[in-house]
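Notes for the one structure printed next.
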Amino acid sequence: MEYVEPEVHLVAKPQLDYAEVAAYLREVGGENWMRRFDNGEMDAHLNDPQNLAEFAGRLCYRSWEPGLNPNVTRIRTDQGDYLSNILASLHGSVLEHLNFSFVLHNVSRVFTHELARHRPGVAISQESLRFVRLSDLPFWFPDWAREDPELVRRAEALLEQMEQFQGWMAEHFGLDEEGVPFKEKKHKTSFMRRFAPEGVATGLVWSANVRTLRHTIEARTAPGAEEEIRLVFAKIGEIMARETPALFGDFEVIDGAWTPKWRKV
């Protein structure tokens, strides 16, 4: 067996096409919003997700500048203030345009069963053990478990026995012999995975929009959440706080629990 640690890798995030944004703004008279890039008020490269959130919000009210909408006589020009007001007014729909994709590596199927409960606003592509044959059984032990020698000894013995059975089945079914059709390999591999523990480490690509991320980070870092999912979503929270501080800066972190000032956005 192999000891592993859950890992989080941010692999994709929003990217704006500013030429197309500018073309639209010329149509509606909102060119001044783009001029804010020239004076340093907005960063067209590092804060695309925040810029997209502001863009979507201003489109809803045509609040690029006072007067374009007769009902709008003044506007917020500071992006941080603007996005804070988006959160405070629960205008969560604009956050659904901001999608982030993560590789969640060395997470268990205990974790993925929990994660599957969060369906709105997400996309999931998970490693398939119907196709991917197991040889070793990578496994995560929390710190408290690794500090228990008798528990570790018995767990390692059990996992090694299960690994040996995986190897025996592959040999018994002749899966590595010349000419075995892939269809047959897939059929037997699907059976073999039934003898892997639910805690075996796997991987997936998980994409979610910011509205979903805010809710899931809060729910899955709460004190009563399962410990592996708390660990993973604390890492996701740290990434999102770095990537979009204006959209996650209202979170307070106490003893690993991420609690937002503005809820149900």
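The values are calculated or read from the model by the stated rules, or taken from the named source; none is laboratory data. For clarity, every value in this text was computed on a predicted model and none was experimentally measured. Positions of Cβ are backbone-derived with ideal geometry, glycine not excepted, and every protein chain shown enters the neighbour counts.
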Criterion (surrounded by fewer than 18 Cβ atoms within 10 Å (Cβ to Cβ) and closer than 30 Å to Met192 by Cβ) met by exactly one of Ala56, Ala116, Ala88: Ala116
Please go through region 180-199 and pick out each residue that is closer than 14 Å to Arg130 by Cα and either in contact (Cβ under 8 Å) with a residue 24 or more places away in the chain or β-branched (Val, Ile, Thr) (or both). Lys185, Lys186, Thr189, Ser190, Met192, Arg193, Phe195, Ala196
Would you call His113 in a helix (DSSP H, G or I) and not aliphatic (A, V, I, L, M)? yes
Considering only region 146-265, give the strands (runs of 3 or more DSSP E) lying wholly within it that have at least 1 residues that are of a type in the set (S, T, N, Q). 201-209, 257-260
Out of the residues in region 92-111 meeting the condition of being buried (at least 19 other Cβ atoms within 10 Å of the Cβ) and of a type in the set (A, V, I, L, M, F, W, C), tell me which one is nearest to Glu5 (Cα to Cα). Val107
From the residues in region 185-224 that are farther than 29 Å from Leu158 by Cα and either modelled with pLDDT under 95 or among the small types (Gly, Ala, Ser) (or both), which one is farthest from the chain's Cα centre (by Cα)? Ala222
Can you list residue pairs whose Cβ atoms sit under 7 Å apart, with the first residue in region 126-153 being closer than 28 Å to Thr189 by Cα and the second being in a loop (DSSP other than H, G, I, E, B) and at pLDDT below 95? Count only pairs 6 or more apart in sequence or on different chains. Asp136/Met1; Leu137/Met1; Phe139/Met1
Output the number of the condition that Phe191 fails; it satisfies all remaining conditions of (1) within 30 Å of Asn99 (Cβ to Cβ); (2) surrounded by fewer than 13 Cβ atoms within 10 Å (Cβ to Cβ). (1)
Considering residues of region 91-102 that are in contact with a Phe, Trp or Tyr (Cβ under 9 Å, 6 or more places away or on another chain) and either assigned to a helix (DSSP H, G or I) or among the hydroxyl-bearing types (Ser, Thr, Tyr) (or both) only, the residue nearest to Asp48 (Cα to Cα): His97
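Residue-by-condition table, conditions (1) modelled with pLDDT of 95 or more; (2) under 27 Å from Ala12 (Cα atoms):
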position: Thr73; (1), (2): no, no
position: Asp81; (1), (2): no, yes
position: His91; (1), (2): no, yes
position: Val107; (1), (2): yes, yes
position: Asp143; (1), (2): yes, no
When region 210-265 is examined, which residues are found to be among the acidic types (Asp, Glu) and either in contact with a His (Cβ under 6 Å, 6 or more places away or on another chain) or in contact (Cβ under 8 Å) with a residue 40 or more places away in the chain (or both)? Glu218, Glu226, Glu227, Glu228, Glu243, Asp250
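Residue-by-condition table, conditions (1) within 30 Å of Trp168 (Cα to Cα); (2) among the small types (Gly, Ala, Ser); (3) more than 18 Å from the chain's Cα centre (by Cα):
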{"site": "Trp33", "(1), (2), (3)": "no, no, yes"}
{"site": "Leu52", "(1), (2), (3)": "no, no, yes"}
{"site": "Tyr61", "(1), (2), (3)": "no, no, yes"}
{"site": "Leu68", "(1), (2), (3)": "no, no, yes"}
{"site": "Leu90", "(1), (2), (3)": "no, no, yes"}
{"site": "His97", "(1), (2), (3)": "no, no, no"}
{"site": "Ala116", "(1), (2), (3)": "no, yes, no"}
{"site": "Glu127", "(1), (2), (3)": "yes, no, no"}
Looking only at region 74-90, count every residue that is without any contact (Cβ under 8 Å) to a residue 12 or more places away in the chain and in a helix (DSSP H, G or I) and tell me the total. 2
Given the criterion in contact (Cβ under 8 Å) with a residue 40 or more places away in the chain and in contact with a strand residue (DSSP E or B) (Cβ under 7 Å, 6 or more places away or on another chain), identify the matching residue among Val107, Val94. Val107
